[in-house]
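Encoded as structure tokens, the structure appears first; notes follow it.
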Amino acid sequence: MKKIIIRGGYKLHGSINISGSKNASLPILAATLLFEETVILENVPMVKDILTMINLLETLGKKIIVKKNQVTILNTNKKKYFAKYDLVKTMRAGILVLGPLLAKFEKAKVSLPGGCAIGARPVDIHLDFLKKNGFKNEIKKGYVISSRQNNKKNINYTFSKISVGATETAILNSCLSNNKTKINNIALEPEVIDLISFLKKAGAKINFNKKRSLTIQGVKNLKGIKYKIMPDRIEAGTYLVAAAITNSVLTINNIVPKHLENILKVLMKFGVQFKINKKNDLKISPKIRKPINVTTAPYPGFPTDMQAQIMSLLVLTKGTSNIKEDIFENRFLHVSELNRMGANIKIENNKAKIIGTNVLSGAEVMATDLRASVCLVLAGLVARGETIINRVYHLERGYENLVKKLKKCGAKIKIINA
Ligand code: EPZ
């Protein structure tokens, strides 16, 4: 069983290179099911969720060659459209293969992804779009079994709520067709925009009508391309918090400033300063610590995937801060672990009240999901003594070389096989 061990109290220095975005890579990998020709993706982070998606694509008939962070996806003309439970259960993004499989083969059988620690995470909105887009969906023994029911022309669909994954399903299901599909109330996360840029570069006809509304004119096929995945904004935000929590001056290389606007706004309110050079390297210099109130929201609001990390920062900030989690119904599982380290956090429904304490003590703690586990790493960097983090596989799902990157900046951190 792997464990991460951190000795707290050391400042960080130097710079960190950000990897490619996990949450942009996953829908773009799923999108390659739409292609006959070869696709080459660069800057793909080698994390567990990506390897799981690669396995899934291989079971669906793709031949995949991985060379460091370059992934080449070749077609084998095997007609496969059954995505098995054992691959989808560990990675919720497996549901993203449903949209392209239906666009390509007009039928598919994909395991329901099931919930996870942060909530039930249903896929009803994905299925509602597919139904309106002419597919019949049945749920049988934990699988979605879908097939073409009618060939409606010119769909005009409005999402009942903003959903990143359901927006991606709608886009992936509408690119290859002879229909015109209008989709309203879409998610605008940079990862969705990266998927759109990838598809447009391959010849898809996708245009914005207005802020949260797209029109997709289906095409017959997409051409094979080479594409570089965007940097991971949540990884970048995580290391910004690592600098702030340890009071360190740190440079985060190759960021996309626009993607970080909402995170930087919150960190500036907290009291950090930063500057960005012409190469888009961001240098952060912590100044003061002020308590703040944060509410998570769909992009361009403050990202839910940064909620746990900002909480670890507020734990040691004098005064009372408040966090409201408006996206997921159960995304405070890291609170009990932080409290075991000496934090003083009270939860009421989807609100957390954080009363700043002076010191955190190292402890043996347990990760429950990807972002909760990294919040414990951040707390461990400043806790007195040693922090031991169990269930490291959560971290390995979404952070490439986290221990190596932090160690290079002076953190006393290591991973052991206990
Ligand atoms: C994506 O998940 C991300 N995952 C999540 O990142 C991220 O937290 C989330 O978007 C919100 O930004 C990937 O991109 C692989 P949603 P997704 O559909 O698409 C509800 C991480 O740590 N909902 O925008 O599943 C849902 O339960 C992960 O990298 C329905 O009710 O999120 C949630 O409350 C965690 N029915 C809300 O909508 C549906 O059919 C937003 O979910 C779909 C979603």
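The values are calculated or read from the model by the stated rules, or taken from the named source; none is laboratory data. Bear in mind that the values here come from a model prediction, so they are computed numbers and not experimental data. All Cβ positions, glycine included, derive from the backbone under ideal geometry; neighbour counts span all protein chains shown. Note: accessible area is taken over every heavy atom of the protein model, side chains too, but ligands, DNA and RNA are not part of it. Shrake-Rupley method; radii C 1.70, N 1.55, O 1.52, S 1.80 Å.
Here are some notes:
- Cross-chain or 6+ apart pairs with Cβ under 7 Å, the stretch 360-373 first and part of a helix (DSSP H, G or I), then polar (S, T, N, Q) and surrounded by 24 or more Cβ atoms within 10 Å (Cβ to Cβ): R371/Q309
- Residue satisfying condition, being in contact with a strand residue (DSSP E or B) (Cβ under 7 Å, 6 or more places away or on another chain) and within 16 Å of the ligand (Cβ to nearest atom), within set L102, L96, L74, L87: L102
- Test: residue in the stretch 81-90 that is open to solvent by less than 10 Å² (accessible area, probe 1.4 Å), closer than 30 Å to S177 by Cα and either of a type in the set (D, E) or under 22 Å from the mean Cα position of the chain (by Cα) (or both): yes
- Qualifying residue in the stretch 106-127 (condition: assigned to a helix (DSSP H, G or I), modelled with pLDDT of 95 or more, away from the ligand (no atom under 16 Å from the Cβ) and open to solvent by less than 50 Å² (accessible area, probe 1.4 Å)): no
- Flag for I323 being of a type outside the set (S, T, N, Q), crowded, with 23+ Cβ neighbours inside 10 Å, more than 14 Å from the ligand (Cβ to nearest atom) and more than 16 Å from V377 (Cβ to Cβ): yes
- Evaluating N401 against the criteria (1) of a type outside the set (S, T, Y); (2) open to solvent by 40 Å² or more (accessible area, probe 1.4 Å); (3) more than 27 Å from N43 (Cβ to Cβ) leaves one unmet condition, (3).
- Set side by side, the residues G142, G61 differ, and just one is more than 10 Å from the ligand (Cβ to nearest atom), surrounded by fewer than 17 Cβ atoms within 10 Å (Cβ to Cβ), over 18 Å from the mean Cα position of the chain (by Cα) and closer than 30 Å to D326 by Cα, which is G142.
- Scope the stretch 285-320; condition β-branched (V, I, T), more than 20 Å from the chain's Cα centre (by Cα) and buried (at least 16 other Cβ atoms within 10 Å of the Cβ); matching residues: I292, V315, T317
- Selected residue (criterion: farthest from the ligand (Cβ to nearest atom)) from residues of the stretch 293-314 that are within 17 Å of V335 (Cα to Cα) and among the hydrophobic types (A, V, I, L, M, F, W, C): L314
- Boolean, I284 is touching a Phe, Trp or Tyr at 6+ places or on another chain (Cβ under 9 Å) and either assigned to a helix (DSSP H, G or I) or not β-branched (V, I, T) (or both): no
- Matching residues, the stretch 326-352, being more than 16 Å from the ligand (Cβ to nearest atom) and either modelled with pLDDT under 95 or within 22 Å of A244 (Cβ to Cβ) (or both): V335, E337, L338, N339, M341, G342, A343, N344, I345, A352
- Single residue of the stretch 128-139 satisfying the filter (open to solvent by less than 50 Å² (accessible area, probe 1.4 Å) and hydrophobic (A, V, I, L, M, F, W, C)) that is farthest from the ligand (Cβ to nearest atom): F135
- Pairs where the first residue, in the stretch 167-195, is under 14 Å from L222 (Cβ atoms) and among the charged types (D, E, K, R) and the second is in a helix (DSSP H, G or I) and open to solvent by 20 Å² or more (accessible area, probe 1.4 Å), C-beta under 6 Å, 6+ apart: none
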